[in-house]
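Structure, as structure tokens:
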Amino acid sequence: MTEITASKMTKKLSIRDIGRELGISITTVSFILNGKAKEKRISAALTEKVLKFVEEVNFKPNMMAQGLRTGKSKIICLMVEDISNNLLFAQVARLIEEEAHNKGYRIIYCSTGNKKEKALELIRLFRDRSIDGYIITPPEGIENEVQSLINEGIPVVLIDRNLPKLKCSHVVIENLNSTHEAINHLISNGFKNIAFVTLDSDQTQMADRLAGYEKAVSEHGLKSYVKKLGFHESPDLNINEIVSFLDENRDIDAVFFSTNYIGVWGLQAIKILNLLIPKDIAVISFDDQDLFKFYSPSITVVAQPVPHISNHIIKLMLNALEEKDTTVHEIVLPAKLIVRESSALKNA
């Protein structure tokens, strides 16, 4: 057993260790591990020898360091609002990670908390580490930093929302029409005093969902009831805000929650008020999750097509990285209204 093999369980190996053990240069090892053996006219025998050896010792390169040396880290940054508490982002992350892995890339995750300053800090941090591409759900105010990445030829794909001032590839949902359809569903089922509970945000997806609601109630000559919550406020505070809003507007007979986590807050508020769904108040939430399927009564939702979203995102990124595709792709996918018990016919 070689010295390097014997110590592999206690020592993290480097390219230098491998070169020393095999009696070849660090540069040669690097070329082989980066798939450039043929390009650099390294013999097939030596290439096989190195690859067999690194497999035996279970060598895993430091991809950050590799990026600094070669300019290509084979790492994609997925920067979202909150990867831990947002089911949509968690599902998308799982699917794109699987496809990226199949193509030899790794995904590094981070959350911005929907804060401009944190997003800017993260972009600058990863830029210094030669990250190959960025998949971002952008908070407001980061246009200049994203444009800088684009100017440097670094692929960027925006998801869930776009930055209208930039020409940047993005994958988003048809938020306006899908919300409009959901509100019309409530109206057709006999509900006339429909509230809309959302975030106090000018982000495109939130603005479009609000526009869809306002379009539907305006078309039917109905009163508008809008409640905006602070993204950075605590869940308990926002639940109390919903309780107060519904308590002060007892004529509301249906409510649309613009995200699934607001929907969860809303269900807690409705329970606090001892209201029955849908007898006292009908409910629809944007975005599905298991809780809504199994809640009693089950909750009607506007569901986003997570597999399609994920497929488009990673396809755009890999095409930009592997095929050098610089075309700006603007992909808008339809959402699906899934009707469940919470929006049943009024007084049925």
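Determine the sum of side-chain charges near residue 76: Lys and Arg each +1, Asp and Glu each -1, restricted to other residues whose C-beta is under 11 angstrom from that of residue 76. Around residue 76, the surrounding residues sum to 0.
Charges were assigned to the Cβ only: +1 to each Lys and Arg, -1 to each Asp and Glu. The resulting dipole of the chain about its Cα centre is roughly 1400 debye. When the chain is treated as a GNM with alpha-carbon contacts under 10 Å, the residue of 118, 228, 52 showing the greatest mean-square fluctuation is 52. Looking at 335, 257, 28, which one has the Cα that reaches farthest to the positive end of the dipole of the chain (charges on Cβ: Lys, Arg +1; Asp, Glu -1)? Toward the positive end, the furthest listed residue is 28. Relative to a virtual label point 7 Å from the Cα of residue 165 in the Cα→beta-carbon direction, which members of segment 101-115 show backbone nitrogen distances below 17 Å? The answer is 115.
Highest mobility in the GNM of the chain, judged by mean-square fluctuation with C-alpha springs under 10 Å and restricted to 250, 209, 16, is found for 16. Among beta bridges from DSSP that stay inside the chain, the antiparallel ones total about 10%.
With runs of 4+ DSSP H residues as the only contributors, calculate the mean residue ellipticity of the chain at 222 nm using -39,500 (n - 2.57) per run, divided by the residue total and rounded to the nearest 500. Write out the running numbers ahead of the final one.
Values: 14 runs with 157 residues, N = 348.
Result for the chain, helices only: -13500 deg cm²/dmol.
Using a/c under 1.5 as the rounded threshold, could you call segment 184-298 rounded, prolate or oblate? The axes a ≥ b ≥ c are square roots of the C-alpha gyration tensor eigenvalues, and prolate needs a/b larger than b/c, oblate otherwise.
Numbers: a/c = 1.33, a/b = 1.07, b/c = 1.25.
Rounded.
All alpha carbon pair distances within the chain were sorted into 10 Å bins beginning at 0; the resulting P(r) in whole percents reads 5, 22, 25, 19, 13, 8, 5, 2, 0.
Every read-out reported here was derived from the displayed coordinates using simple, explicitly stated rules and does not represent laboratory data. Given the structure is predicted, the values throughout are model-derived calculations rather than measurements. All Cβ positions, glycine included, derive from the backbone under ideal geometry; neighbour counts span all protein chains shown.
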